[in-house]
1. What shape does the chain have by the C-alpha gyration tensor, where a ≥ b ≥ c are the square roots of the eigenvalues, rounded means a/c under 1.5, and otherwise prolate means a/b greater than b/c and oblate the rest?
2. Please give the Cα centre distance for segment 53-84 versus segment 8-32, rounded to the nearest Å.
3. Give the order of THR105, THR331 when sorted by the count of other beta carbons within 10 angstrom, beginning with the fewest.
4. How much of the DSSP beta bridge set in the chain is antiparallel, as a percent to the nearest 5?
5. Compare GLU38, GLU342, GLU137 in a GNM of the chain, Cα atoms joined below 10 Å, and give the one with the largest fluctuation.
6. Work from the charge dipole of segment 55-128 (Cβ charges, +1 for Lys and Arg, -1 for Asp and Glu, about the Cα centre) and give the residue of THR89, ASN117, VAL58 farthest towards its positive end.
7. For the chain, list the DSSP H helices whose alpha carbon atoms reach 18 Å or more along the long axis and whose average Kyte-Doolittle value is 0.0 or above?
8. Report the Cα centroid-to-centroid distance between segment 335-363 and segment 194-216 in angstrom, as an integer.
Amino acid sequence: MNIFNEETCQRCGTCLEQCSFLRLPIESAKEEISKMIETRDSRKIIKNCAGCSYCNIVCPTGSSPYELIREIRLRTYREKGVRSLSLITEEMPYNLMSIGLEIDTEEKKRDLIQYENPPKSDKMFYIGCGIPYCFPELTKTKLLEELPILGGMKYCCGGYVHSSFGENEAMIKGLELYEKFKSLKVEKLITFCPGCDIMIKGVYPSIIEGFNIEGQTIIEYLIEKYHKGALHIKNKITQRITFQDPCPWRKLDKKIYEGPREFLEIIGAEVVEMKHNKETSLCCGAPLSISNRSLATKIAKERISEAESINTDIIAHICTGCLAVLSKHATERNIKSYYITELAQMATGEKPSLKILENAEKLQKHVIKTISKNPNIILGQYIIKDGKICRL
């Protein structure tokens, strides 16, 4: 587990000056980081931090300032709680996934019965919670016919627990999840979400003794199939494509960045890089899309401007949050946005549904409508203690 190194930190303020969300003037940044170290508090951080950990990348002394920020956030959330929207569990009647289920309900419920009750297998496609509730069309492909699909709130990776309430609560969640995986005889999960990647590949192996579930991204899986001669490219996609590297990958081995580039080359693309790429990639703004919409929109537009500056035709994604937030602004600049498996479908001769933008807009409108009808959704605050959800 990383910790903030107070001894090596020079209080230079670079972390807060270069933060996409804060961008404090350098003198203000110096004052703020010094205050954060002294008081372990910061209203600016609680309001504006998206948790992207870009500050760790730009820190000139490698002092891991995000760990200080995370300490501040954890203490605040433990004391003041979080909104129900953030708690991805069936115990909460109103969270982003349960609200998403209210759109095209019957079809999603039919799919969820399968995803939550798959046949036992040593390998499974692990779609997490976002895809089945918000973007179910991504599972409707021949690419996923080889293995059972596992997903739904019942099998949420627990990233929200780790980010809001820390290692101890994450361990409780992880042990419960590990027992479920073992009961299904799972040894390897093919993941579709960078949040799941960090939990399966990074967090749980470091805090749960004996956690031995292997994680493989869907990109790595497709590359492996291609090299085995089991994935046939029928239609080369000979366009300029850039990849939106997701924030959670910063915490994993840098080799993970090679996969998307290799796969895009396999399908015939000319891979082009935005100024900020791989571990220096900029956040899309999605984590603040409800709590600070104006700032999230500003960040998203800036990211698309960076893509536009390299004359890319397409932005490829592995994170549905990035795709949902950036696709609208990309379309306005005549840039197409696709989830990586949608590109794989096109290349292998299959027609994807291409409903991500439509569904993202539906979901956003429905969330706003639901909150306006039930304002208590954003007024109630909750904590997780000893694995149990408690209302403050």
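Bear in mind that the values in this text are calculations on the coordinates, not laboratory data. Quick caveat: nothing in here was measured; it's all calculated off a predicted structure. Glycine also receives a Cβ, built like all others from the backbone with ideal geometry; neighbour counts cover every protein chain displayed.
1. rounded
2. 14
3. With the fewest neighbours first, THR105, THR331 line up as THR105, THR331.
4. 20
5. Among GLU38, GLU342, GLU137, the largest mean-square fluctuation in the Gaussian network model of the chain belongs to GLU38.
6. Most positive-ward Cα: VAL58.
7. 320-332
8. Distance between centres, Cα-based: 28 Å.
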